[in-house]
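Undergrad: One structure, as structure tokens, below. Some questions next.
The values are calculated or read from the model by the stated rules, or taken from the named source; none is laboratory data. Treat the numbers as computed from the prediction; the structure is a model and nothing was measured. Cβ: placed from backbone, ideal geometry, glycine included. Neighbour counts: every protein chain shown. Note: areas computed on protein heavy atoms with side chains; ligands, DNA, RNA excluded. Shrake-Rupley method; radii C 1.70, N 1.55, O 1.52, S 1.80 Å.
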Amino acid sequence: MKVPFVSFRPMEKELDAQLRNAFDRVFERSWYIEGAEDEAFEASFAAWCGTKHCVGVGNGLDALVMILKAMDIGPGDEVIVPSNTYIATALAVTYTGAKPVLAEPDINTYNIDPGRIEAAVTEKTKAIMPVHLYGQPCDMDPIMDIASKHGLAVIEDCAQAHGALYKGKKIGTFGNAAGFSFYPGKNLGALGDAGAVITNDESLAKKVRALGNYGSDYKYHHIYKGNNSRLDELQAAFLAAKLPILEKMNEERRSIAARYLSGIKNDKLILPFVPDHALPVWHIFAVRCQQRGELESYLNEKGIGTNKHYPIPIHLQKCYEDLGLKEGELPIAEEISRTELSLPMYYGMTDEEINYVIDAINNF
């Protein structure tokens with residue numbers, strides 16, 4: 001049997017008519033940028049998240065960059081980000097001219113450790129950017145307390161956690177603003193690149209929208225040095241077709257995760273830990289194994305797709321040599337990078353596929 005790491009086919013087959021109708025609707029209008037589809041999706045997604053405003057943008061990285069720029073964060077400033085995350089989180093800070101300051105994660109949840117954030121705060125710190133990694137919500141209460149104590153903004157990176165709950169409340173609604181990615185593999189994915197910013201701050205939303213439209217508040221009137229990052233009509237229409245079943249898709253991921261958690265019985269693996277305050281959406285089902293290479297090869301030989309999130313931590317990437325951090329200085333991020341392996345997780349996995357993965361791991 002072959003079990004891919006991810007497959008879009010079950011979801012696309014279920015929504016075939018809706019996705020084709022979305023394309024036809026946009027094509028018939030011949031209106032492809034800043035139109036009715038974008039407006040409708042923004043309103044629906046803001047309501048789904050529980051915020052007042054949503055601004056569609058080109059991708060998740062742009063979402064974070066434009067939030068930072070809208071908050072006037074730039075050269076000479078510092079933003080605290082987790083040492084264990086996809087590089088886009090740090091790049092967003094870099095692109096504003098500010099410096100990403102890496103704080104270590106909790107080895108159990110893989111998310112930024114609130115107990116390590118305060119030590120990273122300096123007089124240059126302007127914001128904290130927690131990442132709800134793998135679909136697991138960060139411990140937001142202590143993060144918000146630290147931000148309040150030091151007068152810092154909080155920008156949530158929600159690229160992997162559409163609909164995750166922290167103490168019953170959806171992530172993305174705790175900080176000043178949040179950035180989402182709708183890359184095709186996300187829980188809510190477009191059929192190309194796309195992203196969004198959500199916030200309750202009307203002035204921030206307006207500034208983000210202007211920044212993504214060449215810095216223009218109305219045609220040919222430019223108040224900021226912006227860029228071109230807008231959610232196009234086709235992607236907005238596709239996302240609107242998928243949004244109504246997002247909760248169902250998340251629930252199925254939770255069901256698959258529960259099967260993995262109860263069925264995998266192999267002491268060579270460390271399974272994900274879920275705190276009482278968290279209800280993840282399981283974008284990634286991440287295990288750790290000291291014999292990761294052997295486990296990866298074994299599963300691949302069995303026809304089971306895997307991935308590594310992420311095999312080289314940010315501070316050891318060549319592009320971030322300027323941070324001056326050497327191997328061994330962020331040992332928790334390095335340990336996760338060295339041992340993490342992601343198992344198949346997607347909407348539409350069959351019972352047979354799930355059981356095959358579980359049995360294969362138990363026989364490793």
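Undergrad: Would you check which residues across segment 73-88 are buried (at least 17 other Cβ atoms within 10 Å of the Cβ) and on the phi > 0 side of the Ramachandran plot and list them?
TA: Within segment 73-88, none qualify.
Undergrad: If you don't mind, another one. Go through (1) surrounded by 16 or more Cβ atoms within 10 Å (Cβ to Cβ); (2) without any contact (Cβ under 8 Å) to a residue 40 or more places away in the chain and name the single condition H222 misses.
TA: (1)
Undergrad: Examine segment 94-110 for a residue that is open to solvent by 20 Å² or more (accessible area, probe 1.4 Å), of a type in the set (A, V, I, L, M, F, W, C), at pLDDT 95 or above and over 21 Å from V281 (Cα atoms), and state whether such a residue exists.
TA: Scanning segment 94-110 turns up at least one residue that is open to solvent by 20 Å² or more (accessible area, probe 1.4 Å), of a type in the set (A, V, I, L, M, F, W, C), at pLDDT 95 or above and over 21 Å from V281 (Cα atoms).
Undergrad: Further question: Given the criteria on the phi < 0 side of the Ramachandran plot, of a type in the set (A, V, I, L, M, F, W, C) and open to solvent by 40 Å² or more (accessible area, probe 1.4 Å), does L343 qualify? Working first, answer last.
TA: Numbers: on the phi < 0 side of the Ramachandran plot: yes; of a type in the set (A, V, I, L, M, F, W, C): yes; open to solvent by 40 Å² or more (accessible area, probe 1.4 Å): no.
Judged against the criteria, L343 is not a match.
Undergrad: Which of the residues spanning segment 341-354 are free of Cβ contacts under 8 Å to residues at least 60 places away in the same chain and part of a strand (DSSP E or B)? Explain how you work it out, then say what you get.
TA: Filtering segment 341-354 for residues free of Cβ contacts under 8 Å to residues at least 60 places away in the same chain gives 341, 350-351.
Within segment 341-354, just L341 meets the criteria.
Table: residues versus (1) open to solvent by less than 10 Å² (accessible area, probe 1.4 Å); (2) farther than 14 Å from E156 by Cα; (3) not aliphatic (A, V, I, L, M).
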residue	(1), (2), (3)
A43	no, yes, no
G50	no, yes, yes
V57	yes, yes, no
M71	no, no, no
A90	yes, no, no
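Undergrad: Here is a list of conditions, (1) small (G, A, S); (2) open to solvent by 60 Å² or more (accessible area, probe 1.4 Å); (3) within 22 Å of G189 (Cβ to Cβ), and S262 meets all of them except one; can you say which number that is?
TA: Unmet for S262, out of (1) small (G, A, S); (2) open to solvent by 60 Å² or more (accessible area, probe 1.4 Å); (3) within 22 Å of G189 (Cβ to Cβ): (3).
Undergrad: Of these, M129, M144, which one is buried (at least 21 other Cβ atoms within 10 Å of the Cβ) and either out of contact with any Lys or Arg (no Cβ under 9 Å at 6 or more places or on another chain) or hydrophobic (A, V, I, L, M, F, W, C) (or both)? Don't jump to the end; show me each part of the working.
TA: Numbers: M144 fails: buried (at least 21 other Cβ atoms within 10 Å of the Cβ).
Selected residue: M129, the only one of M129, M144 that is buried (at least 21 other Cβ atoms within 10 Å of the Cβ) and either out of contact with any Lys or Arg (no Cβ under 9 Å at 6 or more places or on another chain) or hydrophobic (A, V, I, L, M, F, W, C) (or both).
Undergrad: Now for a different question. Within 26 Å of T199 (Cβ to Cβ) and either out of contact with any Cys (no Cβ under 6 Å at 6 or more places or on another chain) or of a type outside the set (D, E) (or both): which single residue out of F41, F8 fits that description?
TA: Values: F8 fails: within 26 Å of T199 (Cβ to Cβ).
Going through F41, F8 in turn, the sole match is F41.
Undergrad: Additional query: Within segment 304-340, restricting attention to residues that are out of contact with any Leu (no Cβ under 9 Å at 6 or more places or on another chain) and of a type in the set (A, V, I, L, M), which residue is least open to solvent (accessible area, probe 1.4 Å)?
TA: I336
Undergrad: Restricting to segment 121-140, count the residues that are more than 19 Å from the chain's Cα centre (by Cα) and closer than 21 Å to V65 by Cα. I'd like the intermediate steps shown before the answer.
TA: Here is the first cut: in segment 121-140, the residues more than 19 Å from the chain's Cα centre (by Cα) are 121-126.
Checking the rest, the ones that are also closer than 21 Å to V65 by Cα come to 121, 124-126.
Residues meeting the conditions: 4.
Undergrad: Same structure again: Any idea how many residues of segment 1-23 are closer than 12 Å to I245 by Cβ and either open to solvent by 60 Å² or more (accessible area, probe 1.4 Å) or part of a loop (DSSP other than H, G, I, E, B) (or both)?
TA: 3
Undergrad: Hey, can you tell me all the residues within segment 265-298 that are among the β-branched types (V, I, T) and either open to solvent by 40 Å² or more (accessible area, probe 1.4 Å) or modelled with pLDDT under 95 (or both)? I'd like the intermediate steps shown before the answer.
TA: Filtering segment 265-298 for residues among the β-branched types (V, I, T) gives 270, 274, 281, 284, 287.
Selection gives I270, V274.
Undergrad: Kindly list, by first and then second residue, each pair from a residue in segment 33-44 that is part of a helix (DSSP H, G or I) to a residue that is surrounded by 14 or more Cβ atoms within 10 Å (Cβ to Cβ) and of a type in the set (K, R), limited to pairs with Cβ atoms under 8 Å and residues at least 6 apart or on different chains.
TA: E37/R25; D38/R230
Undergrad: Something else: Going by the conditions given, is D106 among the charged types (D, E, K, R) and touching a strand residue (DSSP E or B) at 6+ places or on another chain (Cβ under 7 Å)?
TA: On the way: among the charged types (D, E, K, R): yes; touching a strand residue (DSSP E or B) at 6+ places or on another chain (Cβ under 7 Å): no.
The answer is no for D106.
Undergrad: Please go through segment 235-254 and give me each residue that is closer than 17 Å to C49 by Cβ, open to solvent by less than 10 Å² (accessible area, probe 1.4 Å) and among the small types (G, A, S), ordered by number.
TA: Listed by number, the list holds a single entry, A236.
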